[in-house]
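A.B. asks: Please read through the structure below; I'll follow up with questions.
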Amino acid sequence: MNLLLDIARGVAALLVFLFHIRDALVGPLPVLAALVAFGSLGVPMFFVISGYVISASAESTLRRSETAGSFLKRRFLRIFPPFWLSIVVVVGLPYLVAALSALKSGAFEMPDPRFVSLTGADWLQLVTLVKVFGTPDGDLQAAFAPVNAVYWTLAIEFQFYLCMYLA
């Protein structure tokens, strides 16, 4: 059963990815582009399946007589270290591309990514995923967009972990 759920989550994630690149698919693969026009529905599909899996994991933790804290610790380690590593990659990438370009052109042009305008408080909110709480207009993607707009999904997922921990 877990295999089927993992496949379903993978399909949901793939639908979202294809939805985001659908404009590039229109020319070479118009049928696929039409099929993925509703790919954004993969987001709620992914969250529903993940909610079930997370609930089952929390229940399994209790059956093994482990503490709710051990459940939360495992979930924290599953989300945050890879998330922080991805931030390092995303922040370093513009400078790596500029350096590689300088090898070819002979001149290094300093990149000007959007994240350089973030304050220390912005970074703290981002790396702790609490940035979702400071969006007065509710645009979660925009809150994380200076670094990577899809990070909002991790914030929502970790909130669900916290709810399961408290329950």
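A.B. asks: Cut-off 10 angstrom, C-alpha nodes, Gaussian network model of the chain. Which of ALA12, ALA37, ALA68 fluctuates the most?
C.D. replies: ALA37
A.B. asks: Can you tell me the length gained on complete extension of the stretch LEU96 to SER70, counting 0.36 nm per residue apart and subtracting the Cα distance?
C.D. replies: The LEU96-SER70 span can extend by a further 5.5 nm.
A.B. asks: Students sometimes get this wrong: rank VAL90, VAL11 by accessible area, probe 1.4 Å, all chains present, largest first.
C.D. replies: Ranked list, largest accessible area first: VAL11, VAL90.
A.B. asks: Would you mind getting the Kirkwood hydrodynamic radius of the chain from its Cα pairs, rounded to one decimal in Å?
C.D. replies: Its Kirkwood hydrodynamic radius stands at 18.6 Å.
A.B. asks: Right, here's the next one. Taking θ as phi - 60°, what are the ³J(HN,Hα) couplings along region 115-128 by the Karplus curve (6.51, -1.76, 1.60), each to the nearest whole Hz, with x for Gly and Pro?
C.D. replies: After applying 6.51 cos²θ - 1.76 cosθ + 1.60, I find 6, 5, 7, 6, 7, x, 5, 4, 5, 4, 5, 5, 6, 9 Hz.
A.B. asks: Given a 1.4 Å probe and every protein chain left where it sits, what share in percent of the accessible area of the chain is carbon and sulfur?
C.D. replies: Carbon-and-sulfur percentage of accessible area, whole number: 70.
A.B. asks: Once every DSSP H run of n ≥ 4 in the chain is given -39500 (n - 2.57) and the sum is divided by its residues, what mean residue ellipticity at 222 nm do you get, rounded to the nearest 500 deg cm²/dmol?
C.D. replies: So the calculated ellipticity at 222 nm is -23000 deg cm²/dmol.
A.B. asks: Compare LEU154, LEU18, LEU140 in a GNM of the chain, Cα atoms joined below 10 Å, and give the one with the largest fluctuation.
C.D. replies: Sorting by GNM fluctuation, first place goes to LEU18.
A.B. asks: Continuing with the same structure: Which order do you get for PHE47, PHE115, PHE17 if you rank them by accessible area with a 1.4 Å probe, largest at the top?
C.D. replies: Order by accessible area, largest first: PHE17, PHE47, PHE115.
The values are calculated or read from the model by the stated rules, or taken from the named source; none is laboratory data. Nothing here was measured: the structure is a model prediction, and the numbers come from that model. Ligands, DNA and RNA are stripped out before the accessible areas are found, and what is left, the full protein with its side chains, is counted by its heavy atoms. Shrake-Rupley method; radii C 1.70, N 1.55, O 1.52, S 1.80 Å.
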